[in-house]
1. Given the residues Gly125, Gly140, which is the only one that is assigned to a loop (DSSP other than H, G, I, E, B) and at positive phi?
2. Among the residues of the range 209-234, how many are at pLDDT below 90 and assigned to a strand (DSSP E or B)?
3. In the set Arg241, Arg196, which member is closer than 30 Å to Phe108 by Cα and of a type outside the set (S, T, N, Q)?
4. Of these, Gly118, Gly185, which one is free of Cβ contacts under 8 Å to residues at least 12 places away in the same chain, small (Gly, Ala, Ser) and part of a helix (DSSP H, G or I)?
5. Could you please let me know if Leu160 is modelled with pLDDT under 95, closer than 23 Å to Leu178 by Cβ and outside any loop (DSSP other than H, G, I, E, B)?
6. Say we look at the range 235-248 and pick out the residues that are under 44 Å from the mean Cα position of the chain (by Cα) and farther than 13 Å from Leu121 by Cβ; which of these is modelled with the lowest pLDDT?
7. What about Ala188, is it more than 41 Å from the chain's Cα centre (by Cα) and under 22 Å from Thr139 (Cα atoms)?
Amino acid sequence: MRYLIYLLLLANLAFFVWYPRPLEQDSERRALPPLPAGVDTLVLLSERDAQSAGTEAPAAAAETPAAPPATPAPEQEPEPEPEPEQEPGPAPAAEAVPVTLCQSVGPFLTRADADRAGRLLRDAGYEPQRRDARTREQTGYWVYLPPMPRRRAREIVADLDAHGMKDHYIGKDNFISLGIFRSRGKAAVRRRKVRRLGYDALLEPRYRKRTVYWLDMKTPGRPLADTPLWQKLAGKDPKIRIEPLTCP
């Protein structure tokens, strides 16, 4: 037991001797004057290792994986520059399209007249087709007294005969015909004479139905009326005319 106490005393003494020395070295180091510029500090090997270990940690922390480079945006194609406006040139001339007209020439009073005109048209390049038609033709002017009782009709006729008017007759329903005239003037003279005798005579146009003939055809190009051929046809028969038709 006594030896153990001695041993502990020796250990404490050794610790006392050893421990204060580093503190004195630190104070002496702090008391040293600053080194001149350009002179490096003397660093122990142990201190250098400690400094190296301290600087490696921040450097390692700084070495973080770099962010992947940003993907470059796709290049946009440049917009095409507008072409310079060109002044419109003259429009191409449109080809003239011949106009086809359907026309009819007539009326011809006889078939022979229509056939003669048809031959002239065919010689000029047309293709006329003859067409028969019924028409009402004015034949003159009629002067008459309207229907009346039979006895009264006989009395008027006797009075007309006494005044020299012999051109008359009693018709159906006892009307009295006083004459048919080609011209309206002559018919009007007869009417005035009868009225002077006190009878109210009437004057009306007179018609009859008959067959006439037309030439139907297509006329490409200018109308037939603008051609010398029409002047020739109209010169032969002044009563004919040109009428438009609906093309089939």
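1. On the way: Gly140 fails: assigned to a loop (DSSP other than H, G, I, E, B).
Sole residue among the options that is assigned to a loop (DSSP other than H, G, I, E, B) and at positive phi: Gly125.
2. Residues that pass the stated criteria total 3.
3. Residue meeting the stated conditions: Arg241.
4. Exactly one of Gly118, Gly185 is free of Cβ contacts under 8 Å to residues at least 12 places away in the same chain, small (Gly, Ala, Ser) and part of a helix (DSSP H, G or I), namely Gly185.
5. Taking the combined requirement at face value, the residue satisfies it.
6. Checked the range 235-248; the qualifying residue modelled with the lowest pLDDT is Pro248.
7. yes
Here's the yes/no breakdown for (1) of a type in the set (Ser, Thr, Tyr); (2) farther than 26 Å from Arg136 by Cα:
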| residue | (1), (2) |
| --- | --- |
| Leu203 | no, no |
| Arg206 | no, no |
| Val212 | no, no |
| Thr219 | yes, yes |
| Leu229 | no, yes |
| Ala234 | no, no |
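The values are calculated or read from the model by the stated rules, or taken from the named source; none is laboratory data. It should be emphasised that the depicted structure is a prediction, and the values quoted were computed from it without experimental measurement. Ideal geometry is used to build each Cβ from the backbone, glycine not excepted, and the neighbour counts take in all protein chains shown.
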